[in-house]
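In what follows, a structure is listed as structure tokens, so that the remarks can point back to it.
The values are calculated or read from the model by the stated rules, or taken from the named source; none is laboratory data. Owing to the predicted nature of the structure, the values given are computational and were not obtained by experimental measurement. Here Cβ is always computed from backbone atoms with ideal geometry, including for glycine, and neighbour counts include all displayed protein chains. Accessible surface areas use protein heavy atoms only, side chains included; no ligands, DNA or RNA. Shrake-Rupley method; radii C 1.70, N 1.55, O 1.52, S 1.80 Å.
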Amino acid sequence: MGIRGTLTEGVLKNIIISYVYVFIWIFLSFIVIIYNKYILDRSMYNWPYPISLTMIHMAFCSSLAYILVSVIKIVKPVQINRHVYLKSIVPIGFLYSISLWLSNSAYVYLSVSFIQMLKALMPVAVYSIGVLFKKDSFKSQTMINMLTISFGVAIAAYGESKFDQMGVFLQLGAVVFEATRLVLIQILLTSKGITFNPITSLYYVAPCCLVFLSVPWIIVEVPKLQNDSKFEFDYFVFMTNSFCAFALNLSVFLLVGKTSALTMNVAGVVKDWLLIAFSWSVIKDTVTLINLFGYAIAFLGVAYYNHVKLQALKAKDEEEKKENHVDDECGKLDDDKLARMIEAGK
């Protein structure tokens, strides 16, 4: 009875901890998205400089990651040579910088709710680019599911009351660059046994982003900032915004480390619905029935995609367990055979 009660308490404790991590990630992700929208939107804080905002984030995250890794030494750096850095980290940093630039730029043109609907295309982009780079195999059933998601997003876009071509172009570009980054992480890093947690990732990648973003920043935004004589840098707003962005990266590490990447995907769907509801009820963005109908179709497609991935992971785990069991049995037989040979020698 005592053992059963202890096990029950342990399982319950793990479940509660998992839900706490999910809540923290959803909360921080929610805060960062709304905060970025507040800063960039012309009708709110009115600072429409997405490259500058992204560079502030990268400078803050680079500095804090450096302190944690090199000064305080809470986290050990991953040992990588110059060749790996130039061939693997730099391309990923380039893609990440463009993805962040485009996604933050979209907040100037589109509502929070519509952006979340467009983000439902991420599995479509990741799968398509994975097939293109031969990281994933083409499956007709999966492609039908991807087309269903795309169809749902297209309906949502058709029902958008404040449709903006530039905003849609920017957000779709962000999805493509982010999906390419995720696929290249698997090809350039994971396949080589190189893994980063969010702190070491920022330690190596954020400085690259800062360098790459400086080029469009000088060309596009510096002249505008020089003419914006009315603006005064609010340290509280930008530092708290940057700290939230850094905290979000830490929460990703906690969530994936204590649960799984699939849990984060499912939590992401919940977060998107909450953002849509918040955008409609608080920010007063217009959300039409056609929007919701289209996104519901896309949501079902994403949910089915996550379900299929979960089943595949379970099947893989079971196969590995069977292989380990067979290896153990073979080891036992070899030990028995050796014991008999020793006895015979005596």
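Taken as a whole, the condition of being open to solvent by 70 Å² or more (accessible area, probe 1.4 Å) and at positive phi applies to Lys134.
Residue count for the stretch 26-61 under the criterion of being assigned to a helix (DSSP H, G or I) and open to solvent by less than 20 Å² (accessible area, probe 1.4 Å): the result is 15.
Take the conditions (1) open to solvent by 70 Å² or more (accessible area, probe 1.4 Å); (2) assigned to a helix (DSSP H, G or I); Ser201 misses just one of them, which is (1).
Restricting the stretch 146-171 to residues that are of a type outside the set (A, V, I, L, M, F, W, C) and under 21 Å from the mean Cα position of the chain (by Cα), the residue that is nearest to Val302 (Cα to Cα) is Ser150. Selection of the stretch 90-109 for residues being open to solvent by 20 Å² or more (accessible area, probe 1.4 Å), over 12 Å from Ile185 (Cα atoms) and of a type in the set (Phe, Trp, Tyr) yields Phe94, Trp101, Tyr109. Close contacts from the stretch 204-215, counting a first residue that is in contact (Cβ under 8 Å) with a residue 24 or more places away in the chain and a second that is part of a helix (DSSP H, G or I) and open to solvent by 50 Å² or more (accessible area, probe 1.4 Å), with Cβ to Cβ under 8 Å and a gap of 6+ residues or different chains, come to Tyr204/Tyr85; Cys208/Phe94; Phe212/Phe94; Leu213/Trp101.
Residues satisfying the criterion are present in the stretch 63-77 (criterion: of a type in the set (A, V, I, L, M, F, W, C), open to solvent by 10 Å² or more (accessible area, probe 1.4 Å) and closer than 18 Å to Asn241 by Cα). Identify the residue in the stretch 78-87 that is open to solvent by less than 90 Å² (accessible area, probe 1.4 Å) and within 17 Å of Asn197 (Cβ to Cβ) and, among all such residues, is modelled with the highest pLDDT. By that ranking, first place goes to Ile80. Assess whether Lys76 counts as being under 15 Å from Tyr204 (Cα atoms), of a type outside the set (A, V, I, L, M, F, W, C) and either within 21 Å of the chain's Cα centre (by Cα) or not in a helix (DSSP H, G or I) (or both). Judged against the criteria, Lys76 is a match. Please determine, by comparing only the residues of the stretch 110-131 that are of a type outside the set (A, V, I, L, M, F, W, C) and open to solvent by less than 30 Å² (accessible area, probe 1.4 Å), which one is nearest to Phe278 (Cα to Cα). The selected residue is Ser113. Of the residues that sit in the stretch 172-183 and are open to solvent by 40 Å² or more (accessible area, probe 1.4 Å) and among the aliphatic types (A, V, I, L, M), which one is nearest to Ala296 (Cα to Cα)? Applying the filter and picking the extreme gives Leu172. Just one of Phe299, Phe253, Phe278, Phe293 is over 29 Å from Ile155 (Cα atoms) and either at pLDDT 75 or above or open to solvent by 90 Å² or more (accessible area, probe 1.4 Å) (or both); which is it? Every option except Phe253 fails the conditions.
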